[in-house]
Amino acid sequence: MPKKNRLIIYILSGFLFSLDQILKYLARTNPSTIFVWKKIIGWEYYENIGVAFNLPLPNSLVVFLTPIIIFGMMAFFLKKKNNNFFNNLGAALIILGAISNYIDRILFGVTIDYIRVFTSIINLADLMIVAGVILLILESRYLKPSP
């Protein structure tokens, strides 16, 4: 992959990671609720004790398993032969999103969420993970190498 593409991936994923950490800090230090549109979309501080979809798992188990999963993903993507732009961007978004949420678990014992969407409260790291998964699915379905 060209250096220019790698640089774009590093800058974009690093920017989103940093922005998520800044927004988490702002949410934690200014816990308030602000609705942007009705009571559907807004800003609301929430300490998420669960994992994906708010599933309850003991924090010690999450703290133990998360690095194993992250390193496993990194090893998988580094060994993958089809390392195109979308594959690498998707992997970077997933890994940095997971690391951002993991930092919260280590520091605070919860994941800090702050974006209200309908009845859920999520954070930018969650959106990074979802976007990364979507990119990987699209890449695997539509950018397959010719046989």
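The values are calculated or read from the model by the stated rules, or taken from the named source; none is laboratory data. No experiment lies behind these values; they were computed from the predicted model shown. Every residue, glycine as well, gets a Cβ built from its backbone with ideal geometry; the counts of neighbours run over all protein chains shown. Side chains are part of the model used for accessible areas, which takes the heavy atoms of the whole protein and leaves out ligands, DNA and RNA. Shrake-Rupley method; radii C 1.70, N 1.55, O 1.52, S 1.80 Å.
Output yes when any residue across the range 102-110 is in contact with a Ser or Thr (Cβ under 8 Å, 6 or more places away or on another chain) and either under 26 Å from Leu7 (Cβ atoms) or free of Cβ contacts under 8 Å to residues at least 40 places away in the same chain (or both), and no when none is.
Among the residues of the range 102-110, at least one is in contact with a Ser or Thr (Cβ under 8 Å, 6 or more places away or on another chain) and either under 26 Å from Leu7 (Cβ atoms) or free of Cβ contacts under 8 Å to residues at least 40 places away in the same chain (or both), which makes the answer yes.
Out of Leu23, Leu78, which single residue is among the aliphatic types (A, V, I, L, M) and out of contact with any strand residue (DSSP E or B) (no Cβ under 7 Å at 6 or more places or on another chain)?
Going through Leu23, Leu78 in turn, just one is among the aliphatic types (A, V, I, L, M) and out of contact with any strand residue (DSSP E or B) (no Cβ under 7 Å at 6 or more places or on another chain): Leu78.
Scanning the range 8-48 for residues that are open to solvent by 80 Å² or more (accessible area, probe 1.4 Å) and assigned to a loop (DSSP other than H, G, I, E, B), which turns out nearest to Val117 (Cα to Cα)?
Lys39
Condition check ((1) within 30 Å of Tyr142 (Cα to Cα); (2) at pLDDT 95 or above) across all residues:
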position: Lys39; (1), (2): no, no
position: Leu57; (1), (2): no, no
position: Val62; (1), (2): no, no
position: Asn84; (1), (2): yes, no
position: Ile103; (1), (2): no, yes
position: Ile112; (1), (2): no, yes
position: Phe118; (1), (2): no, no
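For the range 89-115: of the residues being open to solvent by 20 Å² or more (accessible area, probe 1.4 Å), in a helix (DSSP H, G or I) and β-branched (Val, Ile, Thr), which is farthest from Asn48 (Cα to Cα)?
This residue is Ile95.
Which members of the range 98-132 meet the condition of being among the charged types (D, E, K, R) and over 13 Å from Lys24 (Cβ atoms)?
Of everything in the range 98-132, just one residue is among the charged types (D, E, K, R) and over 13 Å from Lys24 (Cβ atoms), namely Arg116.
Could you list all residues from the range 121-132 that are open to solvent by 10 Å² or more (accessible area, probe 1.4 Å) and either on the phi > 0 side of the Ramachandran plot or touching a Phe, Trp or Tyr at 6+ places or on another chain (Cβ under 9 Å) (or both)?
Within the range 121-132, Ile121, Ile122, Leu124 qualify.
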